[in-house]
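Okay, structure first, notes after.
The values are calculated or read from the model by the stated rules, or taken from the named source; none is laboratory data. Not measured: the values here are computed from a predicted model. When we count neighbours, we look across all protein chains shown, and the Cβ atoms used for this are built from the backbone with ideal geometry, even at glycine. In case anyone asks, the SASA skips ligands and DNA or RNA and just uses the protein heavy atoms, side chains included. Shrake-Rupley method; radii C 1.70, N 1.55, O 1.52, S 1.80 Å.
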Amino acid sequence: MTISVAGGVKTGVVIEVEHRLQQQLIIGKSKPVEVVDELGSTVEDDTVDIEANKLEIEREAIRSRLAKQHQAKSLYNTISTQLIISANRSIEHQLSSVESVLLHSKLNEKHILLLEMLYSKQVDLSKVRPLVMGLPWLQRDLLNMINSPAFRHRRPKTSDVHVADIKLVLNYIGVENLQALIPYFCLRHLMPREQPQLLWLTRKIWRYSIISTIAAQALVTLHGKDRAFFYSCSLLSLLGSTCVISNCAKVFESTWGTWLREASADGDKELYDAVMAAQLPAADVYEQVLTHSGPLNWQLLEALNFADSRLTKTFKAIDTSLKYSDLDEDAKLLERANCFARVYLLKEADNITAAECRTMFDYYEITEQELIRLNSQNYRKLELL
């Protein structure tokens with residue numbers, strides 16, 4: 001007889017599976033399956049520019065050469081270890097306070113205020129517009145989208161003119177589409193983009209977020225819930241992880257850059273190569289994510305004075321509740337969507353057993369009807385419009 005684990009205190013199996021997914025996202029080397037959207041773009045379109053790619057190619061070539069040279073490899077191992085220790089000290093300091101993480105992240109109160117406005121019962125575009133205008137990157141993304149070939153066919157045939165007025169853009173797109181597009185663009189903006197070493201990691205985090213969102217929307221449709229709220233909530237379910245990873249990468253790149261300049265100034269080619277080849281310590285980043293990501297999901301929002309936000313309360317409940325059964329309906333639905341996304345990605349990588357799948361679905365009380373609906377979705381395309 002099987003003993004049900006439904007809704008109680010998380011068992012070791014559930015915790016281990018969830019940690020395994022985090023490990024797969026952060027440390028795993030395999031390339032993720034590409035997720036596209038109706039705009040014909042993917043997150044990697046503007047993740048890493050040409051110069052960043054050139055830098056990573058150069059570093060990889062040096063690593064390959066060092067692997068063939070015993071003495072140089074020994075120096076590389078020594079320098080890499082020292083560099084990582086130095087970077088980790090700075091990372092620990094930066095992650096020690098929510099204010100410090102927030103200061104070094106791209107998140108600000110306008111993002112959250114926009115999301116709150118968009119999932120409210122009455123959306124007022126006259127209040128949304130100044131917030132959009134206060135975020136130049138968001139205004140640019142919306143203007144680029146409406147003037148893009150992918151979107152142009154939706155406009156009247158007589159309107160081939162380049163649209164530059166954000167008021168016209170918002171009115172033309174409409175509230176329902178903005179409820180999908182603005183959270184989507186916010187997530188893209190928050191993703192780590194500057195560091196070439198984060199290319200595959202960023203794509204994997206992006207894909208998890210999209211799968212979780214598609215799963216949440218399927219559950220919302222099935223149960224007649226608030227579509228706009230759960231869309232934003234599920235898209236941002238890895239907010240804490242994203243900020244931790246981005247902070248770690250920035251600190252590492254800063255430390256690495258300082259050491260590289262010093263090695264260059266010394267004229268020591270072997271030392272320069274050893275520093276150049278050093279890599280972001282993914283295993284250490286994974287440990288930081290395990291420690292900080294859950295609390296940061298809601299602490300960052302509280303630090304922005306959104307303690308009473310529905311979004312904040314949902315993330316806080318998920319992080320602080322000992323039992324799934326103690327959660328409210330908002331948090332439960334989001335957790336079921338997240339559970340399905342974890343299992344989906346682990347199954348895709350052949351990294352979870354059938355028994356573990358059943359345990360996960362049992363713990364999060366996912367019904368047969370919900371599984372049928374969830375399994376019928378296309379997780380390789382996000383319907384935006």
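Checked against (1) within 15 Å of Gly12 (Cα to Cα); (2) surrounded by fewer than 17 Cβ atoms within 10 Å (Cβ to Cβ), Glu348 passes all but condition (1).
The set of residues from region 206-233 being in contact with a helix residue (DSSP H, G or I) (Cβ under 6 Å, 6 or more places away or on another chain) and hydrophobic (A, V, I, L, M, F, W, C) comprises Trp206, Ile211, Ala215, Ala216, Ala218, Leu219, Val220, Leu222, Ala228, Phe230, Cys233. Across region 313-324, the qualifying residues are those that are out of contact with any strand residue (DSSP E or B) (no Cβ under 6 Å at 6 or more places or on another chain) and in contact (Cβ under 8 Å) with a residue 40 or more places away in the chain, and the one among them that is surrounded by the most Cβ atoms within 10 Å (Cβ to Cβ) is Phe315. Taken over region 84-104, the criterion of being among the hydroxyl-bearing types (Ser, Thr, Tyr) and surrounded by 13 or more Cβ atoms within 10 Å (Cβ to Cβ) is satisfied by Ser86, Ser90, Ser100. So, Leu280, is that one part of a loop (DSSP other than H, G, I, E, B), open to solvent by 20 Å² or more (accessible area, probe 1.4 Å) and either in contact with a Pro (Cβ under 8 Å, 6 or more places away or on another chain) or not polar (S, T, N, Q) (or both) or not? The answer is yes for Leu280.
Out of everything in region 106-150 that is in a helix (DSSP H, G or I) and among the polar types (S, T, N, Q), what residue ends up being surrounded by the most Cβ atoms within 10 Å (Cβ to Cβ)? The qualifying residue surrounded by the most Cβ atoms within 10 Å (Cβ to Cβ) is Gln139. Within region 332-374, the set of residues being in a loop (DSSP other than H, G, I, E, B), within 17 Å of Ser321 (Cα to Cα) and not hydroxyl-bearing (Ser, Thr, Tyr) comprises just one member, Glu365.
Based on what the data block shows, is Pro156 under 25 Å from Leu301 (Cβ atoms) and either modelled with pLDDT of 95 or more or open to solvent by 30 Å² or more (accessible area, probe 1.4 Å) (or both)? Taking the combined requirement at face value, the residue does not satisfy it. Among residues of region 237-272 being in a helix (DSSP H, G or I) and of a type in the set (Asp, Glu), the one that is surrounded by the most Cβ atoms within 10 Å (Cβ to Cβ) is Glu253.
Answer yes if at least one residue in region 358-375 is hydrophobic (A, V, I, L, M, F, W, C) and at pLDDT below 95, and no otherwise. The answer is no; no qualifying residue exists.
Given the criterion in contact with a Pro (Cβ under 9 Å, 6 or more places away or on another chain), assigned to a helix (DSSP H, G or I) and at pLDDT 75 or above, identify the matching residue among Ser80, Ser74, Ser90.
Of Ser80, Ser74, Ser90, the one residue that is in contact with a Pro (Cβ under 9 Å, 6 or more places away or on another chain), assigned to a helix (DSSP H, G or I) and at pLDDT 75 or above is Ser80.
Candidates Leu311, Leu333, Leu327: the one that is in contact with an Asp or Glu (Cβ under 9 Å, 6 or more places away or on another chain), over 20 Å from Ile205 (Cβ atoms) and either of a type in the set (D, E, K, R) or modelled with pLDDT of 95 or more (or both) is Leu327. Assess whether Arg193 counts as being touching a residue at least 40 places away in the same chain (Cβ under 8 Å), among the charged types (D, E, K, R) and open to solvent by less than 10 Å² (accessible area, probe 1.4 Å). Taking the combined requirement at face value, the residue does not satisfy it. If you go through region 206-229 and keep only what is part of a helix (DSSP H, G or I) and either acidic (Asp, Glu) or closer than 19 Å to Met191 by Cα (or both), you end up with Trp206, Arg207, Tyr208, Ser209, Ile210, Ile211, Ser212, Thr213, Ile214. Here Arg342, Arg310, Arg358, Arg336 are screened, and the one residue that is open to solvent by 10 Å² or more (accessible area, probe 1.4 Å), among the basic types (Lys, Arg) and over 20 Å from Ile211 (Cβ atoms) is Arg310. Quick one: would you say Thr255 is in contact with an Asp or Glu (Cβ under 9 Å, 6 or more places away or on another chain), in contact (Cβ under 8 Å) with a residue 40 or more places away in the chain and among the hydroxyl-bearing types (Ser, Thr, Tyr)? No; evaluated as a whole, the condition is false for this residue. The sole residue among Asp273, Asp308, Asp319 that is within 22 Å of Ser97 (Cα to Cα), acidic (Asp, Glu) and in contact with a helix residue (DSSP H, G or I) (Cβ under 6 Å, 6 or more places away or on another chain) is Asp319. Of a type in the set (D, E, K, R), more than 21 Å from the chain's Cα centre (by Cα), at pLDDT below 95 and open to solvent by 10 Å² or more (accessible area, probe 1.4 Å), is that true of Arg227? Against the criterion (of a type in the set (D, E, K, R), more than 21 Å from the chain's Cα centre (by Cα), at pLDDT below 95 and open to solvent by 10 Å² or more (accessible area, probe 1.4 Å)), Arg227 does not qualify.
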